[in-house]
Structure formats: C-alpha cells, structure tokens
Amino acid sequence: MIGLFGGAFDPPHDGHVALLRAGHDALRLDGAVVIVTEAPGHKLVETPPAARLELARAAFPGVQVVLDGHPRTVDMLREHPEWEGGVFLLGADEFAGFLGWKEPEEVLRLVSLGVATRPGFPRESLDAVLARLDRPGRVHFFDLEPLPIASSELRVRLDRGEDVHELVPPAVWNLIERDGLYGRPRYAGPR
C-alpha cells in the first residue's frame, strides 16, 4: 500500500519528515509519494514551485517526490488512478477541517486517510468529523510525537534573519542558505 503525503512544503521541516515516517511505520506502508502542490487552493505560497520541489526532494531522500498542479486533493487523485487505494497522510488539525475539503466523500472513495494524532489534540473534534462521514472505516489514526513546528512560523523566523537549521533537515537548510530563500542572504561561497 502506498502512502501519499501532499502539501505546499514551504519549507519542508522535521515535522513533515516525522509524520511521513510515523505513518509509514504505523500503517505498514510499502512506499510513499510526496506531492508538492504547485498552487494550493487553501493558502497563498510565494516560494516558486520549482524551489519547493527541490526542498522537498532534499527533505525526503529515497522517496518519490512529484509536483502537482491541482489545487484540490480530489482533482489530483482523479488525475492519478495509480494512487487509488493508497493512504493519504495528514495531520489531525487538517482532518478536523476535512469536511470543508472539495468532495471529501469522493476523496474517501479514492483513498483512505492516515491521520497523525498528537497528545493534547482534542479527540472530540476528530470524532465529530468521523460521525459525519459515510465511510468512517477508511480513516486510520496513528500517533505522532509532537514537534511544535509550522512552515508559516519558520518563514517568519527566517524573514527575521533567525537560524532555524535545527528545525529542518540539514539538506533543506543547505538549500535555503545556498539559494537565499525566505529572506536569507544568498551564500557567496568561499572568499
């Protein structure tokens, strides 16, 4: 069974890596595809898609990483029948808003969901979503140790000139520094 992990990855961080690893282990996935959304329908991204794709490839070595032009998950899944029957991985906070996705029942027809839960997240908000789904059995929960990281917070900290190398994979940090992403000065090389 294949795991599908989509997002803007602006930038990818250690929390993303931990979620994919935990989902892979807990759900006994055979492999994974990381899907970088070119233009997400639910948020604005300023970093060019090619840069986010390169960052995601650096964050997930050995995993297939692709760029997808569909702003909505259901449209992306329809375009890729080879992923049908896979497990779409997401965090509990995203699942809490799942009913607001475009055609959530169709998403559950095409794939099951692997939802990463963390201590302290209100289970009643997840149960409220499950109660309104036609296919609640296609939702699988797994535990994830909390890493208090958000890409939006990382971008703010980077814009302020802060060093966040401890929150992103080393290869991602190297690209941020090399290319001068997120307000970082571009590395000029040895002098």
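We did not get these values from a lab; they are worked out from the coordinates using the rules stated. Computed from a prediction, not measured in an experiment: that's the story for all the values here. Positions of Cβ are backbone-derived with ideal geometry, glycine not excepted, and every protein chain shown enters the neighbour counts.
Could you point to the residue in 156, 62, 120 farthest towards the positive end of the chain's charge dipole, with +1 and -1 charges on the Cβ of Lys/Arg and Asp/Glu respectively?
Of the options given, the answer is 156.
Rank 26, 128, 39 by mean-square fluctuation in a GNM of the chain with C-alpha springs under 10 angstrom and give only the top-ranked residue.
Result: 128 has the largest fluctuation of those listed.
About its Cα centre, how strong a charge dipole does the chain have in debye, to the nearest 20, once Lys and Arg get +1 and Asp and Glu get -1 at the Cβ?
On the way: 21 positive and 29 negative charges, 50 e Å.
Once rounded to the nearest 20, the dipole reads 240 debye.
Compute and list, largest first, the equivalent-ellipsoid semi-axes of segment 2-148 from the alpha carbon gyration tensor, each √(5λ) rounded to a whole angstrom.
22, 18, 15
For a footprinting-style exposure proxy, rank 73, 47, 37 by other Cβ within 10 Å, fewest first.
47, 37, 73
Can you give the helix-only mean residue ellipticity at 222 nm for the chain, where every DSSP H stretch with n ≥ 4 adds -39500 (n - 2.57) and the sum goes over all residues, rounded to the nearest 500 deg cm²/dmol?
After summing the helix terms and dividing by the residues of the chain, the value is -10500 deg cm²/dmol.
Could you pull out the longest piece of the chain with no exposed loop GluC sites (Glu not before Pro) in it, calling a site exposed if DSSP puts it outside H, G, I, E, B and it has at most 15 other Cβ atoms within 10 Å?
In short, 85-161.
As I understand it, the dipole of segment 44-191 uses +1 on the Cβ of Lys and Arg and -1 on the Cβ of Asp and Glu, about the Cα centre. Which of 181, 91, 81 lies farthest toward its positive end?
So the residue we want is 181.
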